[in-house]
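Written below as structure tokens is the structure these notes are about.
The values are calculated or read from the model by the stated rules, or taken from the named source; none is laboratory data. In this text the structure is predicted, and so the values were computed from the model without any measurement. Cβ coordinates were reconstructed from backbone atoms using ideal geometry, including for glycine residues, and neighbour counts include every protein chain displayed.
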């Protein structure tokens with residue numbers, strides 16, 4: 001099928017996207033640098049929150065692309081490019097991780113030798129938790145992702161011109177390899193970046209917990225972006241409510257999945273009642289954190305669950321747009337809740353600060369600019385994909 | 001068959017596209033009572049048939065939520081209200097422990113109610129037959145064909161017009177389906193059913209009487225039934241109906257001499273120590289002290305304990321006040337309790353209590369040594385070095 005057969009007409013995304021992204025980025029950068037100058041300890045934690053949020057969306061989007069290939073799904077083919085564009089920020093992780101590399105001293109207690117030697121348990125862990133190995137892991141993981149991203153995306157784009165079915169086959173193989181690699185690497189990310197903030201805490205389900213949020217938020221990002229594009233008429237005209245309904249059901253599924261995993265983690269620790277595990281939850285049940293913990297249960301599980309339960313909310317694009325924005329905000333709250341309570345040690349008491357909210361500007365700005373940049377050259381619909389026709393014909 | 005009432009006109013199609021198109025056209029033509037049968041779910045059929053959203057979801061939601069509420073209240077009743085059991089040291093009403101069961105029951109109720117609701121309400125359950133059963137049409141749509149029927153009950157129904165209409169839609173076969181004669185089964189006639197019921201009652205009664213009255217022999221090896229009362233068992237022998245009895249008043253068990261000053265905060269006189277501080281006694285005292293006394297008084301009886309700050313702090317036992325107590329007074333406090341300290345009469349037996357007193361004396365002496373004690377220790381340690 002030649003590109004023209006699909007009925008897709010490429011339109012340039014408005015320059016506005018670039019401008020808004022640029023303004024957000026510049027404002028965020030200025031405030032962020034100010035934040036680091038005012039209180040670098042706090043700013044490094046705040047930066048980490050936004051970094052993980054950004055990482056969730058870019059890697060999660062790559063995961064969704066791989067999932068589509070691995071499951072041989074055709075309904076999501078018309079949306080695949082949106083996920084690919086969202087994943088395009090992935091190579092930037094290499095640069096965006098650098099500010100954190102300079103602040104491992106603030107973030108991680110285990111990076112201080114005297115702290116390590118205060119405890120036998122930490123000494124035993126120091127074979128894994130030490131700064132050089134940490135840095136190696138961080139960059140190795142990003143490079144592995146980058147490797148798969150490059151190959152999968154290259155094949156996908158080449159198909160726009162050649163319509164070669166073999167490329168789909170090659171991408172299926174790549175995706176099937178990528179998914180277990182992703183499972184391991186996202187677990188390592190969860191352990192390295194978030195769990196090790198409390199050097200002595202451990203929870204074996206923690207990687208799955210982060211993954212649930214990653215898949216959830218990248219689905220929400222995909223839904224939000226594709227609804228916006230659909231409203232402005234950039235997507236393929238044949239995309240119907242039924243496609244969005246399927247996105248809605250997936251978001252619903254991951255809402256329940258997150259609830260299941262989050263509760264599994266909590267219940268085992270609660271039941272075991274061992275001080276070396278429970279302190280992590282106790283931190284999040286003290287003072288103002290108690291309110292945020294309860295808020296998280298309500299906003300992360302109860303509200304989206306009942307909101308997405310009905311058929312109407314999944315087919316009405318306005319309602320779906322609302323909940324996808326909601327999900328993105330709540331995922332940010334989730335990461336905030338995971339990371340920030342660990343800040344209040346070494347006499348740094350926790351209190352809300354403006355620094356916590358400047359870095360999201362940077363990362364949202366980066367996402368928008370990258371999206372616009374990539375969309376300039378590449379079609380928003382994979383016109384050469386053999387599954388596209390079936391995907392467009394999809395109905396419930 | 002020609003005498004029977006016409007049920008519907010049926011049409012068979014070759015492909016899913018044709019059946020979708022046919023369903024759409026039939027809806028557009030204004031037919032209300034028509035149905036489509038396909039060998040597998042055809043996507044887009046609901047919309048083509050002009051069907052609205054299924055209401056089954058509300059049944060699922062209602063029963064799912066009732067399942068959650070029911071099982072949560074049930075667990076609250078059994079665990080926290082009717083018969084309290086401590087599980088894992090948690091509160092009786094501990095919601096996190098109840099959530100997995102609540103979740104499972106929600107799913108169970110939702111799934112079963114959806115299934116039963118669908119069969120009972122939407123398939124009109126007691127009807128176990130349908131005019132389309134056992135027809136060539138049904139055989140075809142259970143294989144590889146796609147069928148559409150327009151029922152005779154429809155307001156616009158006209159046999160010839162409907163037949164033409166379906167043929168024009170591209171059906172490869174159009175046929176009439178008649179309502180079959182109502183079949184009657186002799187098996188279900190009332191006389192036979194009554195006979196079955198009587199037979200069942202008579203057989204059961206005969207079996208019961210034979211096995212339990214006529215042929216009943218008490219098996220001699222039936223050891224689980226014995227003429228004795230088990231713990232907690234009821235008994236008619238005693239006026240209060242309880243099988244478990246208290247000992248006769250004034251009974252003294254062996255080794256359980258009653259303590260004469262029990263309940264007196266300041267007894268006028270105390271017992272004297274019947275034990276000698278032998279190594280064996282002191283080891284027993286140490287073990288019991290560490291188990292029962294150290295949580296509050298500390299391992300060295302200095303009042304610095306694990307529970308410090310969480311519980312009324314136990315006083316030091318090495319003060320001069322307690323140094324000057326007679327042995328019997330310390331024994332009295334262990335036995336009787338003092339202030340917030342409860343009586344340990346029932347946890348620690350008499351011999352062990354005296355052993356604790358001896359061990360407390362050792363701790364006191366270790367922390368307030370006399371000049372001669374120090375010299376003794378020095379001598380001992382230097383002699384150790386010499387060896």
For region A:117-133, how many residues are in a helix (DSSP H, G or I), touching a helix residue (DSSP H, G or I) at 6+ places or on another chain (Cβ under 6 Å) and touching a residue at least 40 places away in the same chain (Cβ under 8 Å)?
1
Given the conditions (1) within 14 Å of chain A (Cβ to nearest Cβ); (2) in contact with a strand residue (DSSP E or B) (Cβ under 9 Å, 6 or more places away or on another chain), every one holds for residue B:60 apart from (2)
For region B:135-160, which positions are within 23 Å of residue B:16 (Cα to Cα) and not in a strand (DSSP E or B)?
B:135, B:136, B:137, B:138, B:139, B:140, B:141, B:142, B:143, B:144, B:145
Checking the structure you have, find out if any residue of region B:191-209 is assigned to a loop (DSSP other than H, G, I, E, B) and free of Cβ contacts under 8 Å to residues at least 40 places away in the same chain.
no
Does region B:85-101 contain any residue that is away from every other protein chain (no Cβ under 14 Å), assigned to a loop (DSSP other than H, G, I, E, B) and at pLDDT below 85?
yes
Among the candidates A:276, A:231, single out the residue that is closer than 30 Å to residue A:79 by Cα, away from every other protein chain (no Cβ under 14 Å) and exposed (fewer than 15 other Cβ atoms within 10 Å of the Cβ).
A:231
Go through region A:237-280 and give me each residue that's farther than 15 Å from residue A:317 by Cβ, assigned to a loop (DSSP other than H, G, I, E, B) and touching a residue at least 12 places away in the same chain (Cβ under 8 Å).
A:238
Any idea which residue in region B:102-119 is farthest from residue B:60 (Cα to Cα), counting only those that are surrounded by fewer than 14 Cβ atoms within 10 Å (Cβ to Cβ) and within 14 Å of another protein chain (Cβ to nearest Cβ)?
B:104
Quick one: which of B:305, B:272, B:221, B:294 is within 17 Å of residue B:331 (Cα to Cα) and at pLDDT below 85?
B:272
Flagged in region B:261-279 as surrounded by 10 or more Cβ atoms within 10 Å (Cβ to Cβ) and within 52 Å of the chain's Cα centre (by Cα), in numbering order, are B:261, B:262, B:264, B:265
List the number of the failed condition for residue B:250; all other conditions in (1) out of contact with any helix residue (DSSP H, G or I) (no Cβ under 7 Å at 6 or more places or on another chain); (2) assigned to a loop (DSSP other than H, G, I, E, B); (3) in contact (Cβ under 8 Å) with a residue 12 or more places away in the chain hold.
(3)
Test: residue A:309 is within 13 Å of chain B (Cβ to nearest Cβ), part of a loop (DSSP other than H, G, I, E, B) and either out of contact with any helix residue (DSSP H, G or I) (no Cβ under 6 Å at 6 or more places or on another chain) or within 29 Å of residue A:86 (Cα to Cα) (or both):
yes
So, in region A:79-95, exactly how many residues are surrounded by fewer than 20 Cβ atoms within 10 Å (Cβ to Cβ) and over 24 Å from residue A:381 (Cα atoms)?
2
Being touching a helix residue (DSSP H, G or I) at 6+ places or on another chain (Cβ under 8 Å), away from chain A (no Cβ under 12 Å) and either modelled with pLDDT of 95 or more or surrounded by 14 or more Cβ atoms within 10 Å (Cβ to Cβ) (or both): is that true of residue B:68 here?
yes
Say whether the condition of being under 38 Å from the mean Cα position of the chain (by Cα), surrounded by fewer than 18 Cβ atoms within 10 Å (Cβ to Cβ) and either touching a residue at least 40 places away in the same chain (Cβ under 8 Å) or not assigned by TED's automatic domain parsing to the domain that holds residue B:333 (or both) is met by at least one residue in region B:286-307.
yes
Just to verify a result, which residue in region B:15-48, among those that are more than 14 Å from chain A (Cβ to nearest Cβ), touching a residue at least 24 places away in the same chain (Cβ under 8 Å) and part of a loop (DSSP other than H, G, I, E, B), is farthest from the chain's Cα centre (by Cα)?
B:29
Per the list (1) more than 30 Å from residue B:52 (Cα to Cα); (2) assigned to a helix (DSSP H, G or I); (3) within 14 Å of chain B (Cβ to nearest Cβ), residue check on residue A:285 breaks on (2)
Answer residue from region B:330-352, given it is loosely packed, with under 13 Cβ neighbours inside 10 Å and either in contact with a helix residue (DSSP H, G or I) (Cβ under 6 Å, 6 or more places away or on another chain) or farther than 16 Å from residue B:316 by Cα (or both) and is modelled with the highest pLDDT among those
B:342
Over region A:234-267, the set of residues surrounded by fewer than 17 Cβ atoms within 10 Å (Cβ to Cβ), farther than 17 Å from residue A:67 by Cβ and away from chain B (no Cβ under 14 Å) is A:237
When every residue in region A:288-305 that is within 14 Å of another protein chain (Cβ to nearest Cβ) and surrounded by 13 or more Cβ atoms within 10 Å (Cβ to Cβ) is compared, the one farthest from residue B:93 (Cα to Cα) is A:305
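Which of the residues that make up region A:375-396 are crowded, with 20+ Cβ neighbours inside 10 Å and either more than 14 Å from chain B (Cβ to nearest Cβ) or within 22 Å of the chain's Cα centre (by Cα) (or both)? Can you show your working first?
Taking region A:375-396 and keeping what is crowded, with 20+ Cβ neighbours inside 10 Å, we get A:375, A:380-385, A:387-388, A:391-392, A:394.
Within region A:375-396, A:375, A:380, A:381, A:382, A:383, A:384, A:385, A:387, A:388 qualify.
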Looking for something loosely packed, with under 14 Cβ neighbours inside 10 Å, more than 12 Å from every other protein chain (Cβ to nearest Cβ), part of a helix (DSSP H, G or I) and free of Cβ contacts under 8 Å to residues at least 60 places away in the same chain - is there at least one such residue anywhere in region A:316-326?
yes
